[in-house]
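Just below is one structure, and these are the notes that go with it.
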Amino acid sequence: MGVTRDFPGGSVVTRRRDKQQHPELERLAALAGAASADAAVAMETEAPPVTGPPDLTAAAFFDVDNTMMMGASIFHFARGMAARKFFTTGDLARFAVEQAKFRLLGSESKEGIRKSRETGLGFIAGHSVEEMRTHGEEIYDELMADKIWSGTRALAQMHMDAGQRVWLVTATPVDLAAIIAKRLGLTGALGTVLGSENGVYTGKLVGDLLHGRAKAHAVRALAAREGLDLRRCSAYSDSVNDVPMLSVVGTAVAINPDGELRDEAKRRGWEIRDFRTGRKAAKIGVPSVLGAGAIAGAIAAGMAYRRRLS
């Protein structure tokens, strides 16, 4: 088949094959990326200014789960929402039944996968965007503020001090990701965009989760809107799933990498930073891609916490 040549987003042959085999998944990833970039630009008006002389063509992009924060942000948010009676035991039961049906009877079709992902987000349907943000700010302060990796936070500050803008890039809903960015004093966030009508969530995704290739699409889309030179940009992540995002920028750094990303970073000559020590060197937290087990576990933990307080 010939030698493949690496370029932003993966090899030429790999990207061509992916598009041929999964055109609908690629379309949804591109839609998710564009929607996330639009949301990030819309929210940037409230962002703090950079701390150094502005460098308008360079920026940094940080994954969140296990890169900027210990564990999975969606787990912490869901746990906090459950403790605030955002869910009922009936919600959890229905969620568990739907996930069990998908696992036992579902297929790996794009529609089946999409339905499973939307089921994982269905608990927010009918709730207002403002309600989610209000709870999210409280939950960040209560459950997440002390889980930020100081080493990663210092890297983000280094870019801010150089006059560069800094965005988080995560599969977590963008409204919640923006809260993390605001609390950290960063420019903004790229995240999964949830559909809403008249300020109320529909429980549907705009495109797909901002995961894997969708993150690369989002970074490219934001760069186009903000006039960034991706060759002068940097990206940081812990997961091999983020190789597409890491590949679109000039400088890629593996933070607390999983085994596959560590191997890939060594192969490509990317810098590796590991802020874990001792037992923390093992993977921390739960899967970060809005998995059924992660959300169900968080809801169960939040309800148990709520019962202890009552």
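The values are calculated or read from the model by the stated rules, or taken from the named source; none is laboratory data. Keep in mind the model is a prediction, meaning the values are calculated, not measured. Reconstructed Cβ throughout: ideal geometry from the backbone, glycine too, with neighbour counts over all protein chains shown.
Things to note:
- For segment 239-274, the set of residues classified as more than 23 Å from Ala32 (Cβ to Cβ), crowded, with 18+ Cβ neighbours inside 10 Å and among the polar types (S, T, N, Q) consists of Asn256 only.
- Matching residues in segment 182-204 - criterion: being more than 12 Å from the chain's Cα centre (by Cα) and either basic (Lys, Arg) or over 18 Å from Ser128 (Cβ atoms) (or both): Lys182, Arg183, Leu184, Gly185, Leu186, Thr187, Gly188, Lys204
- Identity of the residue in segment 127-153, among the hydroxyl-bearing types (Ser, Thr, Tyr) and assigned to a helix (DSSP H, G or I), that ends up surrounded by the fewest Cβ atoms within 10 Å (Cβ to Cβ): Ser150
- Checked against (1) over 20 Å from the mean Cα position of the chain (by Cα); (2) touching a residue at least 60 places away in the same chain (Cβ under 8 Å); (3) not in a loop (DSSP other than H, G, I, E, B), Ala221 passes all but a single condition, namely (1).
- Among the residues of segment 154-170, those identified as touching an Asp or Glu at 6+ places or on another chain (Cβ under 8 Å) and surrounded by 24 or more Cβ atoms within 10 Å (Cβ to Cβ) are Gln164, Arg165, Leu168, Val169, Thr170.
- Residue match in segment 24-34 (condition: surrounded by 20 or more Cβ atoms within 10 Å (Cβ to Cβ), under 26 Å from Gly151 (Cβ atoms) and at pLDDT 60 or above): no
- Members of segment 231-276 that are closer than 18 Å to Arg213 by Cα, in a helix (DSSP H, G or I) and of a type in the set (Gly, Ala, Ser): Ser247, Ala265
- Flag for Gly203 being touching an Asp or Glu at 6+ places or on another chain (Cβ under 8 Å), surrounded by fewer than 24 Cβ atoms within 10 Å (Cβ to Cβ) and not in a helix (DSSP H, G or I): yes
- Which listed residue is modelled with pLDDT under 95, over 15 Å from Met69 (Cα atoms) and buried (at least 18 other Cβ atoms within 10 Å of the Cβ), from Gly212, Gly195: Gly212
- Taking the conditions (1) free of Cβ contacts under 8 Å to residues at least 24 places away in the same chain; (2) of a type outside the set (D, E, K, R); (3) more than 23 Å from Met69 (Cβ to Cβ) in turn, Val200 satisfies each one other than (1).
- Residue satisfying all of: in segment 42-68; among the aliphatic types (A, V, I, L, M) and modelled with pLDDT of 90 or more; farthest from the chain's Cα centre (by Cα) among these: Leu56
- Filtered residues of segment 203-246 (kept if charged (D, E, K, R) and within 12 Å of Thr170 (Cβ to Cβ)): Lys215, Asp238, Asp242
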